[in-house]
Ligand SMILES: [Zn+2]
């Protein structure tokens with residue numbers, strides 16, 4: 001409990017700096033948030049539950065940060081944070097959860113100061129939610145995640161996107177492993193884009209283990225784009241079962257796509273110290289089978305860290321600006 005209070009206090013300070021009054025404990029706001037989370041946690045077949053870990057708020061709205069918990073074991077999925085948006089309309093608080101078609105509308109109705117404070121508050125909550133992992137000693141031997149000689153354009157690097165997260169626009173469209181390793185997760189079954197409805201996951205993803213505490217994730221991949229040699233070892237039917245397919249830096253592992261929480265085709269790469277596969281209630285019918293009450297799975301990495309790329313130091317990579325154009329050079 002002390003830990004939770006610590007970062008609630010920290011978020012409160014953030015809000016105070018922005019000159020926003022926090023919601024009082026007597027306000028029916030708290031009841032509305034608690035009721036919405038309780039209702040979500042009681043959904044039929046829901047494999048997990050949400051628990052609030054922080055919030056930022058003003059007079060007419062709020063962003064609630066909630067961690068995800070396994071419904072049966074009560075184990076927290078590390079690094080997975082959901083955003084709930086709260087809006088006041090005619091004196092009534094409405095709480096909107098991810099996976100609903102009004103999710104993006106609810107976000108748009110929030111004040112600009114709340115939107116501006118969201119990333120910093122999210123980063124704080126996420127950092128607190130991560131377990132203490134042992135960071136690897138060297139993170140300098142990664143390559144740009146596209147084939148040798150191909151070009152990619154930076155759209156967001158670490159400084160703009162958060163620790164260990166980097167976005168590319170790939171003209172060549174082929175995505176390649178950033179370092180030798182073992183593919184431990186591969187899913188390319190989804191065709192849907194969930195930006196409007198707030199699905200947090202990157203959907204079609206490949207995750208590679210490079211060493212102890214070293215993983216890379218490649219997200220938003222195009223449907224059916226993972227090559228057959230990977231599919232052979234990581235069958236689509238069982239994405240939750242870990243696989244182990246050796247891969248070399250520069251080998252093509254899929255195509256750039258626009259699946260999951262994405263507005264335009266791009267490649268999201270994330271570097272972390274661990275990975276997980278979270279069971280998720282398919283409220284958006286991500287597998288296109290018409291059922292919205294079954295469990296589907298999504299891979300993710302956590303314990304994010306910045307890595308160097310193509311011999312460039314992590315802090316320099318982090319500062320790469322929008323539209324920086326880069327050529328992959330893999331090997332000697
Ligand atoms: Zn991204």
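Potential lengthening of the chain between residue 310 and residue 108 amounts to 68.9 nm, from the contour at 0.36 nm per residue minus the alpha-carbon distance.
Can you tell me the FRET efficiency between residue 182 and residue 42 if r is taken as the Cβ-Cβ distance and R0 is 35 Å, rounded to the nearest 0.05? In this case the efficiency is close to 0.35. Can you give the angle from 0 to 90° between the axis of helix 28-41 and the longest principal axis of the chain, with both taken from C-alpha atoms, to the nearest 10? That helix lies at roughly 50 degrees to the long axis. Put a dot 7 Å past the Cα of residue 244, heading toward its Cβ, do the same for residue 319, and the two dots end up 4.2 nm apart.
Counting only alpha carbon atoms, the long axis of helix 2-17 and the longest principal axis of the chain meet at about 80°. Cα centroid distance between region 45-81 and region 144-209, in Å? Each part reduced to its Cα centre gives a spacing of 25 Å. Could you list the residues of region 280-302 with an amide nitrogen less than 19 Å from a label point located 7 Å from the Cα of residue 192 in the Cα-to-C-beta direction? 280-300, by backbone N distance to the label point.
Neighbour counts of other Cβ atoms within 10 Å put 208, 183, 69 in the fewest-to-most order 69, 183, 208. Taking 71, 181, 31 as the candidate residues, the one with maximal mean-square fluctuation in a Gaussian network model of the chain, Cα springs under 10 Å, is 31. To the nearest ten degrees, helix 112-129 and the longest principal axis of the Cα atoms of the chain are 70 degrees apart. Taking 72, 291, 49 in turn, the Gaussian network model of the chain (Cα-Cα springs below 10 Å) assigns the largest fluctuation to 72.
Looking at the chain as a GNM with Cα springs under 10 Å, which of 269, 76, 175 has the largest mean-square fluctuation? It is 76. One chain, two ends: residue 116 and residue 30. Fully extended at 0.36 nm per residue, the span grows by 28.7 nm beyond their Cα-Cα distance. Available extension along the chain between residue 123 and residue 329 is 71.0 nm, counting 0.36 nm per residue and deducting the alpha carbon span.
Where a number appears in this text, it was derived from the coordinates with a stated rule and is not lab data. Small disclaimer: the values here were computed from a predicted structure and weren't measured. With ideal geometry, Cβ positions are generated from the backbone for all residues, glycine too; neighbour counts draw on all protein chains shown.
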